[in-house]
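The values are calculated or read from the model by the stated rules, or taken from the named source; none is laboratory data. Fair warning: this is a prediction, and the values are worked out from it, not measured in the lab. Virtual Cβ from ideal backbone geometry, glycine too; neighbours counted across all protein chains shown. In case anyone asks, the SASA skips ligands and DNA or RNA and just uses the protein heavy atoms, side chains included. Shrake-Rupley method; radii C 1.70, N 1.55, O 1.52, S 1.80 Å.
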Amino acid sequence: MSRAPKIPLRRTQKRLEGAFYIFGAIFFSLGIKIVYMQAVPSASAFSLSDQTFEKRTELPARRGQILAADGTALAVTIDEYTVAANPRGWSQPQKERVASLLAEVIGGDGAFYRTQLDKVSASDGSKNFYVRLARHVDEERANKLKALMGPQKGETRDERTARKAFWEPLSLEASPRRHYPLGTFAPQLIGFTANTGKGVDGLEKAVDQTLGGRPGVRDSLVDARGRAVPGTVNTWSEPVDGNSVVTTIDPKIQAVSDAAMQEVVEKFRPNFCVAVVMKPDTGEIVAVSTAPAFDLNQKPKNIVEIATNRAFSFAYEPGSTWKIITAAAAIENVPDWKNKRFFINGSASVGKHTIHDWQFWSGKVKPEMKGLSEGVRDSSNVAMFQFAQLMPRRVMLDYAKRFGVGEKPDLPGFNIARGYLPKNDPKEWSLAQYANFSFGQGMMLTPLQLAQIGSVVANGGTLMKPMLIKEVRDARGQLLKTYEPQVARANVIKPETAREITKMLRRVVAEGTARKFIFVPGYAAAGKTGSAQKAIGKTGYRAGKFISSFVGFLPMDKPKYVVAIMADEPKASHWGSETCGPAFTKIAQEAMVALRLEDGASAPKPNMALMEPPKEPKKN
């Protein structure tokens with residue numbers, strides 16, 4: 001029997017080692033190729049070099065809408081696109097074809113596209129992988145381009161491969177833009193976004209997390225300027241759209257408030273003026289207007305100054321509208337207050353100071369005995385001080401706190417002032433300070449707080465939390481969350497106290513300081529005027545500078561709306577009745593029309609006896 005020749009063990013070991021290294025090299029090469037293809041899907045087709053870098057980019061989510069109470073869009077996101085290309089991805093004949101197709105599908109100049117596509121080198125001589133061909137391409141044109149780039153009916157496998165390769169150097173970059181369909185409608189309330197899409201003011205800021213959604217992530221190669229090279233983009237996670245918010249804003253009442261404030265600006269030239277309209281029973285804010293206004297789609301250079309929502313953030317000494325709080329304190333703390341009367345001749349000595357009633361300067365009233373109701377009707381500083389002296393020193397400050405002055409209204413996300421109340425014990429106040437406090441000096445509040453004060457009287461004694469958001473809905477319109485009215489403080493005043501104050505405020509409109517300027521056909525309105533010298537910190541008052549205001553509600557018997565108006569340093573007239581009264585009338589009339597359209601037969605019916613303005617009182 002023959003035997004196979006012996007092979008030396010050393011030679012066998014060498015053969016095995018050689019085979020191992022050969023196969024190892026093959027698998028290593030395949031691994032490198034796979035990793036390269038995943039990181040740069042088609043980079044080789046574009047002759048990419050070490051002048052490109054890999055970068056992870058955050059993809060912004062589509063921002064949710066801001067809607068009025070009836071669904072009217074106040075802020076939306078418009079889909080726009082930027083068409084970009086890698087100019088090194090086509091041959092010269094292919095570039096001709098690309099330029100021609102783009103001009104045909106999205107419009108524009110084919111010659112411009114061709115010129116851009118020839119920019120294969122940057123100004124410093126380095127390779128260029130990015131050119132921008134078109135910006136602000138709307139969704140309709142973008143969809144046409146997508147259809148051209150996408151699958152074609154009846155194409156073969158080879159045609160599909162060729163189509164993908166041809167369009168690979170082109171990209172459609174989403175560049176959503178925030179748009180405000182109504183332009184100058186409530187701009188200070190709605191606010192605006194930064195270039196990054198993040199809310200920086202107004203509602204856009206206050207509910208930014210709700211509107212903003214969740215961003216996605218994109219990996220791509222970028223050129224030296226950080227621009228994604230078309231054809232090298234991998235999207236790792238898609239962004240999640242933001243939710244939409246439905247506000248309490250009534251677009252009809254907001255529009256008329258904006259118009260009324262603009263009229264005040266044109267006629268009286270104040271630094272600014274504001275209006276707040278609120279439903280007293282729920283705290284729902286149906287309008288917030290500030291003038292001068294601006295177009296949110298064309299932001300002015302002084303955007304930071306003009307965009308401030310002063311209805312929430314501007315605190316001022318209220319003047320005579322404060323007498324509502326003094327009257328409430330007197331009704332509940334002065335025994336037999338209805339029978340208390342004082343002879344008012346227009347002035348009174350308070351220590352080393354003298355306080356005055358402006359009506360005597362103008363000759364509109366004569367010296368007479370006045371009770372609390374007449375003091376409110378005629379806006380008498382002296383009468384308010386006389387009643388203040390009948391109460392313990394602490395009472396008026398306690399009532400101011402009950403009405404919410406000095407505490408920040410609960411509207412998260414907004415820049416809101418809390419107002420100001422003296423911190424020291426009223427027993428330490430001078431007699432002059434105590435007198436001033438009784439008729440609206442020595443404290444500060446905002447127009448929003450003034451509307452809340454009016455609402456406490458209008459609803460029978462409850463301080464409601466201000467409410468601006470009704471609902472949150474997802475991108476498809478599905479309801480996610482609802483908000484209900486909330487009580488901030490119950491039993492601020494007794495219901496019977498509220499009724500007595502309402503009667504006094506009706507006298508202001510029907511007989512007193514506001515009689516000539518406020519008339520809403522068919523409905524009895526009640527309210528209080530205010531004309532306050534403008535304070536300069538703790539140093540005194542600015543001569544000839546006033547803040548005018550008015551707060552009122554209607555219908556008097558079952559109030560549905562409270563309207564607070566304030567004008568800073570009006571010219572021609574500083575009286576709250578003349579400056580703010582006509583604006584109240586305009587807003588209140590439209591509010592009642594809106595209410596009748598909304599509630600139909602259940603809305604308060606107009607009183608035929610109130611269809612004509614009240615007649616001038618007979619002179620003695």
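Observations, loosely collected:
- Of all residues in segment 187-202 being open to solvent by 10 Å² or more (accessible area, probe 1.4 Å) and hydrophobic (A, V, I, L, M, F, W, C), the one that is nearest to L133 (Cα to Cα): A194
- Of all residues making up segment 570-598, the number that are part of a helix (DSSP H, G or I) and surrounded by fewer than 24 Cβ atoms within 10 Å (Cβ to Cβ): 13
For every residue, the table says whether it meets (1) closer than 30 Å to H179 by Cα; (2) aliphatic (A, V, I, L, M).
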{"site": "A68", "(1), (2)": "yes, yes"}
{"site": "V76", "(1), (2)": "yes, yes"}
{"site": "W90", "(1), (2)": "no, no"}
{"site": "K95", "(1), (2)": "no, no"}
{"site": "V98", "(1), (2)": "no, yes"}
{"site": "G107", "(1), (2)": "yes, no"}
{"site": "V120", "(1), (2)": "no, yes"}
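- Scanning segment 508-523 for residues that are closer than 15 Å to S320 by Cα and open to solvent by 10 Å² or more (accessible area, probe 1.4 Å) turns up G512, T513.
- Residue match in segment 211-226 (condition: buried (at least 19 other Cβ atoms within 10 Å of the Cβ), of a type in the set (A, V, I, L, M, F, W, C) and modelled with pLDDT of 80 or more): yes
- Complete set of residues in segment 318-354 that are in contact with a Lys or Arg (Cβ under 8 Å, 6 or more places away or on another chain) and touching a residue at least 60 places away in the same chain (Cβ under 8 Å): S320, T321, K323, I324, E332
- A73 open to solvent by 20 Å² or more (accessible area, probe 1.4 Å), in contact (Cβ under 8 Å) with a residue 40 or more places away in the chain and of a type in the set (A, V, I, L, M, F, W, C): yes
- Flag for S100 being exposed (fewer than 14 other Cβ atoms within 10 Å of the Cβ), in contact with a helix residue (DSSP H, G or I) (Cβ under 9 Å, 6 or more places away or on another chain) and over 30 Å from I469 (Cβ atoms): yes
- Among the residues making up segment 538-561, those that are in contact with a His (Cβ under 9 Å, 6 or more places away or on another chain) and open to solvent by 10 Å² or more (accessible area, probe 1.4 Å) are G544, K545, F546.
- Conditions (1) under 30 Å from L211 (Cα atoms); (2) open to solvent by 10 Å² or more (accessible area, probe 1.4 Å); (3) touching a residue at least 12 places away in the same chain (Cβ under 8 Å): number failed by L468: (2)
- Some residue of segment 435-443 being surrounded by fewer than 18 Cβ atoms within 10 Å (Cβ to Cβ) and in a loop (DSSP other than H, G, I, E, B): no
- Residue check, K205 farther than 30 Å from V563 by Cα, at pLDDT 85 or above and open to solvent by 50 Å² or more (accessible area, probe 1.4 Å): no
- Restricted to segment 271-364, the set of helices (runs of 4 or more DSSP H) holding at least 3 residues that are closer than 30 Å to L390 by Cα and open to solvent by less than 10 Å² (accessible area, probe 1.4 Å) comprises 323-333.
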